[in-house]
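Bear in mind these aren't lab numbers, they're just calculated from the coordinates by the rules spelled out. From a predicted model like this one, the values you see are computed outputs, not experimental measurements. Cβ: placed from backbone, ideal geometry, glycine included. Neighbour counts: every protein chain shown.
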Amino acid sequence: MTRLTKIMEDIGYRYFDWNVNSLDAIGRGLTSSDIFNVIRNRISANEDGFSIVLQHDTKSESVFAVEALIRWGLENGFTFLPLDITSPTVHADLHN
């Protein structure tokens, strides 16, 4: 991954990773409330001023957490935007 991401950047591509991991893929039977709490706490602690959340739509608990996350975010002054060329980039730690 390190080599691939370097090549992609060298030829002009930008890639986006996440800076908030929902932990929904750890396989320990997290509920939608657990996932909501993990994301809420990590977003609140994020010092970058923006968050890109890793969450899997193949996990029903994650899907069920989305509505509560959006509601909480809007109630707390967050905005939700698509990624585009002006978006700040973050890169998760690469594990080759």
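Tell me the residue from 38, 20 that is buried (at least 16 other Cβ atoms within 10 Å of the Cβ), touching a Lys or Arg at 6+ places or on another chain (Cβ under 6 Å) and aliphatic (A, V, I, L, M), please.
Values: 38 fails: touching a Lys or Arg at 6+ places or on another chain (Cβ under 6 Å).
Being buried (at least 16 other Cβ atoms within 10 Å of the Cβ), touching a Lys or Arg at 6+ places or on another chain (Cβ under 6 Å) and aliphatic (A, V, I, L, M) holds for just one of 38, 20, which is 20.
How many residues are surrounded by 15 or more Cβ atoms within 10 Å (Cβ to Cβ) and either in a loop (DSSP other than H, G, I, E, B) or out of contact with any Asp or Glu (no Cβ under 9 Å at 6 or more places or on another chain) (or both) if we restrict to the range 51-65? Can you show your working first?
Restricting attention to the range 51-65, the residues satisfying the condition of being surrounded by 15 or more Cβ atoms within 10 Å (Cβ to Cβ) are 51-55, 59, 61-63, 65.
Next cut, either in a loop (DSSP other than H, G, I, E, B) or out of contact with any Asp or Glu (no Cβ under 9 Å at 6 or more places or on another chain) (or both) only: 51-53, 55, 59.
Of the residues in the range 51-65, 5 are surrounded by 15 or more Cβ atoms within 10 Å (Cβ to Cβ) and either in a loop (DSSP other than H, G, I, E, B) or out of contact with any Asp or Glu (no Cβ under 9 Å at 6 or more places or on another chain) (or both).
Among the candidates 62, 51, single out the residue that is among the hydroxyl-bearing types (Ser, Thr, Tyr) and closer than 20 Å to residue 86 by Cα. Explain how you work it out, then say what you get.
Values: 62 fails: closer than 20 Å to residue 86 by Cα.
So the residue among 62, 51 that is among the hydroxyl-bearing types (Ser, Thr, Tyr) and closer than 20 Å to residue 86 by Cα is 51.
Among the residues of the range 17-29, is there at least one that is acidic (Asp, Glu) and assigned to a loop (DSSP other than H, G, I, E, B)?
yes
Mind counting the residues in the range 1-36 that are under 14 Å from the mean Cα position of the chain (by Cα) and free of Cβ contacts under 8 Å to residues at least 60 places away in the same chain? Step through it out loud before you land on a result.
Looking only at the range 1-36, we keep the residues that are under 14 Å from the mean Cα position of the chain (by Cα), and these are 15-25, 35-36.
Right, trim to free of Cβ contacts under 8 Å to residues at least 60 places away in the same chain and you get 20, 22-25, 35-36.
Total satisfying the criteria: 7.
Yes or no, residue by residue, for (1) hydroxyl-bearing (Ser, Thr, Tyr); (2) within 17 Å of residue 19 (Cβ to Cβ); (3) more than 13 Å from the chain's Cα centre (by Cα):
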{"position": "41", "(1), (2), (3)": "no, yes, no"}
{"position": "45", "(1), (2), (3)": "no, yes, yes"}
{"position": "51", "(1), (2), (3)": "yes, yes, no"}
{"position": "57", "(1), (2), (3)": "no, no, no"}
{"position": "65", "(1), (2), (3)": "no, no, yes"}
{"position": "72", "(1), (2), (3)": "no, no, yes"}
{"position": "76", "(1), (2), (3)": "no, no, yes"}
{"position": "79", "(1), (2), (3)": "yes, yes, yes"}
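Assess whether residue 31 counts as being among the β-branched types (Val, Ile, Thr), farther than 21 Å from residue 82 by Cβ and surrounded by 13 or more Cβ atoms within 10 Å (Cβ to Cβ).
On the way: among the β-branched types (Val, Ile, Thr): yes; farther than 21 Å from residue 82 by Cβ: yes; surrounded by 13 or more Cβ atoms within 10 Å (Cβ to Cβ): no.
It is false that residue 31 is among the β-branched types (Val, Ile, Thr), farther than 21 Å from residue 82 by Cβ and surrounded by 13 or more Cβ atoms within 10 Å (Cβ to Cβ).
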